[in-house]
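**Q** Supplied in structure tokens, the structure appears directly below.
We did not get these values from a lab; they are worked out from the coordinates using the rules stated. Here the structure is a predicted model, which means the values were calculated and not measured. Positions of Cβ are backbone-derived with ideal geometry, glycine not excepted, and every protein chain shown enters the neighbour counts.
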2 protein chains.
Amino acid sequence: MNRKRHLSRPILSVTLTAILLATLGVHAAGAANGDSDNARSAASFMPPPRSALSDDTLKPGFVELVRQGEAIFTDTQTHAAPFVGNKLNCDNCHLDAGRLADSSPLWAAWGMYPAYRGKNKHVNDYPERIQGCFRYSMNGTPPPRGDEVLLALEAYSYWLASGAPVGELLSGRGYPDLDQPAQPPDFTRGKQVYAQHCALCHSADGQGQLAADGSQAFPPLWGANSYNWGAGMHRISTAAGFIKANMPLGAAHLSNQQAWDVARFINSHERPQDPRYTGSLEQTAQQFHGTPNSMYGQRVEGVLLGENAPPSGTAPARRDN
Amino acid sequence: MNRKRHLSRPILSVTLTAILLATLGVHAAGAANGDSDNARSAASFMPPPRSALSDDTLKPGFVELVRQGEAIFTDTQTHAAPFVGNKLNCDNCHLDAGRLADSSPLWAAWGMYPAYRGKNKHVNDYPERIQGCFRYSMNGTPPPRGDEVLLALEAYSYWLASGAPVGELLSGRGYPDLDQPAQPPDFTRGKQVYAQHCALCHSADGQGQLAADGSQAFPPLWGANSYNWGAGMHRISTAAGFIKANMPLGAAHLSNQQAWDVARFINSHERPQDPRYTGSLEQTAQQFHGTPNSMYGQRVEGVLLGENAPPSGTAPARRDN
């Protein structure tokens, strides 16, 4: 395979950004707007273009499985419905169909498993890691091991990682770690950032918007149809990194402070219960959540977050995933 | 990680070869002995040395799991006993603990899955591929998905593949494809090769030898305690490639013709039944075995091979793995 893929930013992503800018009628922010620390990292790896995925008579079924994985990833609501308990799709958090650097791209994740995860305190292989996404981010019931949904997502990730070195941290992996803001993240300032930069797509009530065909064009950020209290994105630091690198979509330009503030605002709303809920809000908060990065179990504007959470997905995953 | 690992033959393997030569009291064969076509390939990748596997407090359990995988791989009889139905260990076919080029090294296998397999006609991920080894080569009951034995073998393979490019064929992968021999492989010539070059370790009756502690020092090559009629190694071409590259152990020097002949001889003995056995030898042979590469269902010295085969491992794997 072509080693040049390792050297520069994905052309597709640049193109997509341009298309999004045009579609959304948004002007690029430019360097003048706010601080420029923690800007997007230069991706060190380029996944193969979609056009490189061609039928290979020596591998019947492989290409179809990769395509199925991509379909699941970009329209999880349709293609993995039994395992989803909210209105999200995988690519709401992993933009550009899992290709975009600094948006937890699949090509950077594939080569890092099996790996220990502090979250469940054991070594997870890739299928188990995907099960975790279904349980928390998708507030659902993880597909069982061996299910074709998992296999298709494995095949898609594997193919996107073609040529990537196994076990090496690739630039652009995960979400950026933002520097701490000058001022502690603040709900009220975040509310203003949200109204100014986010509500156009995600709506004032945070429930996103439907497309003309009824599909979820922009995802809900809180409430029963969003990620639950166990998802990584409920942590203010994770959301701030994602937002800083990627939001507003196609025209990311918020300052670090704005990203932290709006992340705190978004994650100060009720959402589905943590699937690890022990029966006691206080105990669950103490065992699985740490202040100030999680608002779970804290009181915001009179609401004790987690107290009246909508239900989490029903079926438990293997062990404590 | 050190990119130099990609450039040259494993030093460890060279060292091991020297040790084996000394241990076995064998003299290196030199280029003068027989044809030199299809010699060992120059490996393009070097797995990390054992010494590089050090505890990482950030990844509790990972190193232990890799070590567990290595232990399972080199002493499968002890560490994966419930899943093994013969007297083999993984490293009987994957020499040097899965590190040796041209001996199906794990570092070259890891990055090639998920992949379509003609054997079961669907895309297999790595855990399923390992299940296949247990079912056929180990004549056993594959560990179920999610079992720690599979996870440990995944972790060990992944670690050996550190830095290898995902999805790229690495030199030294699998067993060499030998050129067809000048004369068709022959049982009688093979019998002579076996007596001269193989029986010292594997015994005249093909049952190998036990070490002083009762463990299987040299593996049985046929009979109830060897690989079954469904294993890749029962194919004459596969065995010939393995033998040419690796046998006699530490001093491989057989000619292509000798390797083909002795592979035919070894694989012309009864062994455990093919787990896919339909109830009819003729039908099973027709459906899963092709002449002249498989002797299953053929008559050799009065024995109809497969007719009185010892039982195969009992539990069926998922689907038709």
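**Q** What residues have an amide H closer than 5 Å to that of B:Gln216, excluding those fewer than 5 places away on the same chain, when H is modeled at 1.01 Å from N in the peptide plane?
**A** For B:Gln216, whose amide H was placed from the backbone, the distant partners under 5 Å are B:Ala211.
**Q** Considering the Cα trace of segment B:85-201, what is its radius of gyration and what is Dmax, both in angstroms?
**A** When restricted to the Cα atoms of segment B:85-201, Rg and Dmax are 16.6, 47 Å.
**Q** OK, next. B:Ala211 to B:Glu64: FRET efficiency via 1/(1 + (r/R0)^6), r the Cβ-Cβ distance, R0 25 Å, to the nearest 0.05?
**A** So, using R0 = 25 Å, E works out to roughly 0.40.
**Q** Here is a follow-up. Each residue of segment A:124-139 in order: what ³J(HN,Hα) in whole Hz does its phi give by Karplus 6.51 cos²θ - 1.76 cosθ + 1.60, θ = phi - 60°, with x for Gly and Pro?
**A** Whole-Hz 3J(HN,Hα) from phi for segment A:124-139: 9, 8, 4, x, 5, 4, 5, 4, x, 4, 5, 5, 9, 5, 9, 6.
**Q** While we're here: List the residues, sorted by chain then number, that are 5 or more residues from B:Lys87 or on another chain and whose placed amide H is less than 5 Å from its amide H.
**A** Here the answer is B:Ser226, since their amide H atoms fall under 5 Å of that of B:Lys87.
**Q** Right, here's the next one. Sorted from shortest, what are the nm distances separating the label point of B:Val303 from equivalent points in the other copies, each placed 7 Å from Cα along Cα to C-beta?
**A** With the label placed 7 Å along Cα→Cβ, B:Val303 yields 7.5 nm.
**Q** Within a 10 angstrom radius of each residue's Cβ in B:158-170, how many Cβ atoms of other chains show up on average? Whole number is fine.
**A** The shielding value for this peptide is 6.
**Q** Given R₀ = 30 Å, what would the calculated FRET efficiency be for B:Lys119 paired with B:Asp179, taking r from the Cβ atoms and rounding to 0.05?
**A** After rounding to 0.05, the efficiency reads 0.80.
**Q** Now, a different point. Amide H of A:Asn124: which non-local residues (sequence gap of 5 or more, or other chain) have their own amide H closer than 5 Å, using H built in the peptide plane?
**A** Placed amide hydrogens put A:Ala115, A:Tyr116, A:Arg117 under 5 Å from A:Asn124.
**Q** Using the Karplus curve 6.51 cos²θ - 1.76 cosθ + 1.60 with θ = phi - 60°, work out ³J(HN,Hα) for each residue of segment B:76-82 in order, rounded to whole Hz, and write x for Gly and Pro.
**A** Values, residue by residue: 5, 4, 8, 9, 9, 3, x Hz.
**Q** While we're looking at this one, here's another question. With a ≥ b ≥ c taken as the square roots of the eigenvalues of the C-alpha gyration tensor of segment A:73-150, please select rounded if a/c is under 1.5 and otherwise prolate if a/b is larger than b/c or oblate if it is not?
**A** Taking the square roots of the gyration eigenvalues as a ≥ b ≥ c, segment A:73-150 is oblate.
**Q** Contact order normalised by length for segment B:126-224, with contacts defined as Cα pairs under 8 Å and 6 or more residues apart; what percent is it?
**A** Worked out over segment B:126-224, it gives 12 percent.
**Q** While we're here: Using Cα positions and a limit of under 22 Å, work out the lysines in reach of A:Lys191, with same-chain residues fewer than 8 apart set aside.
**A** Qualifying lysines at Cα under 22 Å: A:Lys244.
**Q** Something else now. Label-to-label distances across copies for B:Phe187, with labels 7 Å out along Cα→Cβ, in nm, shortest first?
**A** 8.5
**Q** At a Förster radius of 41 Å, what calculated FRET efficiency corresponds to the Cβ-Cβ distance of A:Ala71 and B:Ala195, to the nearest 0.05?
**A** After rounding to 0.05, the efficiency reads 0.10.
**Q** For the rotation taking A to B, I'd like to know which residue in chain A has the C-beta closest to the axis, plus that distance in Å.
**A** Axis-proximal residue of A, distance in whole Å: A:Arg145, 2.
**Q** Percent relative contact order of segment B:244-317, based on C-alpha pairs within less than 8 angstrom and at least six residues apart?
**A** 30
**Q** How large is ³J(HN,Hα) for each residue in segment A:295-310, as worked out from phi by the Karplus curve 6.51 cos²θ - 1.76 cosθ + 1.60 (θ = phi - 60°), to whole Hz, x for Gly and Pro?
**A** Once rounded to whole Hz, the list reads 8, 4, x, 9, 9, 10, 6, x, 9, 7, 5, x, 6, 10, 5, x.
**Q** Just check segment A:169-285 against the gyration tensor rule for me: Cα atoms, a ≥ b ≥ c as the square roots of the eigenvalues, rounded for a/c under 1.5, and otherwise prolate or oblate depending on whether a/b exceeds b/c.
**A** Rounded is the answer for segment A:169-285, as its axis ratio a/c remains below 1.5.
**Q** For B:Pro82, which inter-copy label distances result when the label point lies 7 Å beyond Cα on the Cα-to-Cβ vector, reported in nm to one decimal and in ascending order?
**A** Output for B:Pro82: 2.6 nm, nearest copy listed first.
**Q** Follow-up. Aspartates and glutamates near B:Lys121 by alpha-carbon distance under 15 Å, same-chain residues fewer than 8 away left out - which ones?
**A** Correct list for B:Lys121: A:Asp56, A:Glu64, A:Glu148, B:Asp320.
**Q** Could I ask something else about it? Determine which lysines satisfy two conditions relative to B:Lys119: a Cα distance under 23 Å, and not lying fewer than 8 residues away in the same chain.
**A** Within reach: A:Lys59.
**Q** Something else: Using 0.36 nm times the number of residues separating B:Ser203 and B:Phe187, minus their current alpha carbon distance, what extension gain do you get?
**A** Going from the current span to full extension adds 4.0 nm.
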